[in-house]
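Just so you know, all these numbers are worked out from the coordinates, no wet-lab data involved. None of the values given here were measured: they were computed from a predicted structure. A quick note on method: Cβ atoms are made from the backbone with ideal geometry, for glycine too, and the neighbour counts reach across all protein chains shown.
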Amino acid sequence: MNDRLSYKEKKELPDSVFGLPERREYPMPDAAHVRAAEAYFRYCPEDLKPRLARAILERAKEFGVDVESPAVKDYASR
């Protein structure tokens, strides 16, 4: 599985798998996408970073992904 979803695949995902569900951004339906969300974290709007960081850590735990980004860990604690 790669970390690219087609428009159709993304449209079919439930809101609950998105890092920012109200915007349907940062989909994390599997481990590859959790890693992608971590990699693209820096592009998230500043005011949404704490919530996205917590979502990444939560989904990472579900899929057994080790989050290595100090920024994600820092924002998650805010």
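Positive-end ranking of 34, 6, 76 along the dipole of the chain, with charges on Cβ about the Cα centre, is headed by 6. Between residue 62 and residue 22, the contour length at 0.36 nm per residue exceeds the Cα-Cα span by 12.3 nm. For the chain, take the longest principal axis of its alpha carbons; what is the angle in degrees between that and the long axis of helix 49-63, to the nearest 10 within 0 to 90? The helix 49-63 is inclined about 70 degrees to the chain. Rounded to the nearest 20 debye, the dipole magnitude of the chain is 140 debye, with +1 charges on Lys and Arg beta carbons, -1 on Asp and Glu beta carbons, and the Cα centre as origin.
Across the range 1-74, the volume of the C-alpha convex hull divided among the residues equals 85 Å³ per residue.
Loop only per DSSP, at most 13 neighbouring Cβ atoms within 10 Å: give me the GluC sites (Glu not before Pro) in the range 29-78, ordered by residue number.
The qualifying sites are 68.
Under the combined filter of DSSP loop state and at most 13 neighbouring Cβ atoms within 10 Å, the range 15-44 retains these trypsin sites (Lys or Arg not before Pro): 23.
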